[in-house]
1. Taking region 11-48 on its own, how many of its residues are among the charged types (D, E, K, R) and open to solvent by less than 100 Å² (accessible area, probe 1.4 Å)?
2. Name the residue, out of Ser40, Ser100, that is modelled with pLDDT under 95 and of a type in the set (S, T, N, Q).
3. Only one of (1) in contact with a helix residue (DSSP H, G or I) (Cβ under 7 Å, 6 or more places away or on another chain); (2) modelled with pLDDT of 90 or more is not met by Lys29, so which one is it?
Amino acid sequence: VQNEVDLKLLEEEAARRIEEAIRDNVVQKLNSEDVKMEISRRIEQCRKKLFDGIAAQLKKEKETALMEARQKEEQARKEREELDRMLEENRRRVEEAQKSFHKKEEERQRELEMIQRHKEESARRKKLEEEEERPNILLLCNKNKTWPKAS
């Protein structure tokens, strides 16, 4: 039984020493320059991967924003062109309407002048006819000694 207890104590002592030796070995390896460099390399690798991912995401977002801005600019340009076209069409229609109005107004004015000339011509002819008839009427009246009644 004593041998078993001694054996058990020896096993526990051996396990403790082995565990301690492993711990010392791990601490020693973790403190070694090679392990420190490997840890730094991996940290730097992860950091670079993270920053590259962020940079790629920002680039993608920037490209998307630029594309949207170009589309909005193109849409605004098309709307301006359409508005300019509509304004030009309206200006042309107004100009045509004004020309048409002026042409009709000039035509109406010519017609009024022609009517006025016809009236004046008619009045002048009538006056001439009356003047030409007056001597005849006077002659007739003198012969008959009658005067026409004024109407």
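1. Taking region 11-48 first, the residues among the charged types (D, E, K, R) are 11-13, 16-17, 19-20, 23-24, 29, 33-34, 36, 38, 41-42, 44, 47-48.
Filter once more, keeping what is open to solvent by less than 100 Å² (accessible area, probe 1.4 Å): 13, 20, 24, 36, 38, 44.
Selection size over region 11-48: 6.
2. On inspection, the qualifying residue turns out to be Ser40.
3. Looking at each condition in turn, Lys29 falls short on (2).
For (1) open to solvent by 90 Å² or more (accessible area, probe 1.4 Å); (2) at pLDDT 95 or above; (3) of a type in the set (Val, Ile, Thr); (4) in a helix (DSSP H, G or I), each residue gets a yes or a no:
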position	(1), (2), (3), (4)
Leu9	yes, no, no, yes
Asp52	no, yes, no, yes
Lys59	yes, yes, no, yes
Glu63	yes, yes, no, yes
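The values are calculated or read from the model by the stated rules, or taken from the named source; none is laboratory data. Predicted, not measured: the structure shown is a model, and the values here were computed from it. Using ideal geometry, Cβ is built from the backbone for each residue, glycine included, and neighbour counts are taken over all protein chains shown. Note: accessible area is taken over every heavy atom of the protein model, side chains too, but ligands, DNA and RNA are not part of it. Shrake-Rupley method; radii C 1.70, N 1.55, O 1.52, S 1.80 Å.
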